[in-house]
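*Asks:* Next up is a structure, given as structure tokens.
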């Protein structure tokens, strides 16, 4: 399997932005210029080195490429249902990121977007990441603050005060 992995990594593929390049080089570029700066721009910190993450992504893509039923080896303590994961998935513009990188790579990452997002999530050091710290501070402030109206989610507050909210629309059945 190791020989097959090395052969796969050295395979030349065509990419829109880089022409013919090896899979290994493309993954390295993707890590260095794509996923790591993108996630870091949203103020998340990594708990492991670029080298470790690069190896994990290459190995995962290799296994997914050869076996679409492969399940990524993620740590058992990863919580994919809490607020922090939801913030990571829903408030980061992953669609634009993947649209760009799938164009750049000529669709190389297209079938693995969700798996790669989850894999990267498993390498984030939440306790050192600003979204985690900010969220916990907000919760702490809300628990100690007597005026709970300051702690309502801004999106919900906006919807509650909107005059064009569906509850306030008048439907004329004439």
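*Asks:* Pick out the one residue from 84, 63 that is modelled with pLDDT of 60 or more, part of a helix (DSSP H, G or I), touching a helix residue (DSSP H, G or I) at 6+ places or on another chain (Cβ under 8 Å) and assigned by TED's automatic domain parsing to the domain that holds residue 30.
*Replies:* None of the other options fit; the residue is 84.
*Asks:* Further question on the same structure: Being surrounded by fewer than 17 Cβ atoms within 10 Å (Cβ to Cβ), in contact with a strand residue (DSSP E or B) (Cβ under 6 Å, 6 or more places away or on another chain) and within 22 Å of residue 99 (Cβ to Cβ) is the requirement here; does residue 14 meet it?
*Replies:* yes
*Asks:* Check 114, 139, 120 and return the single one that is closer than 16 Å to residue 41 by Cα and either at pLDDT 90 or above or not in a loop (DSSP other than H, G, I, E, B) (or both).
*Replies:* The match here is 120.
*Asks:* Do we find that residue 30 is in contact (Cβ under 8 Å) with a residue 60 or more places away in the chain, assigned to a helix (DSSP H, G or I), assigned by TED's automatic domain parsing to the domain that holds residue 103 and out of contact with any strand residue (DSSP E or B) (no Cβ under 9 Å at 6 or more places or on another chain) in this structure?
*Replies:* Here the answer is yes, as residue 30 does meet what is asked.
*Asks:* Quick one: in segment 101-111, of everything that is assigned to a helix (DSSP H, G or I) and out of contact with any helix residue (DSSP H, G or I) (no Cβ under 6 Å at 6 or more places or on another chain), which residue is farthest from residue 13 (Cα to Cα)?
*Replies:* The residue in question is 111.
*Asks:* Among (1) part of a helix (DSSP H, G or I); (2) closer than 21 Å to residue 63 by Cα; (3) touching a helix residue (DSSP H, G or I) at 6+ places or on another chain (Cβ under 7 Å), which single condition is residue 3 missing?
*Replies:* With respect to (1) part of a helix (DSSP H, G or I); (2) closer than 21 Å to residue 63 by Cα; (3) touching a helix residue (DSSP H, G or I) at 6+ places or on another chain (Cβ under 7 Å), residue 3 is out only on (3).
The values are calculated or read from the model by the stated rules, or taken from the named source; none is laboratory data. Model, not experiment: these values are computed from the prediction. All Cβ positions, glycine included, derive from the backbone under ideal geometry; neighbour counts span all protein chains shown.
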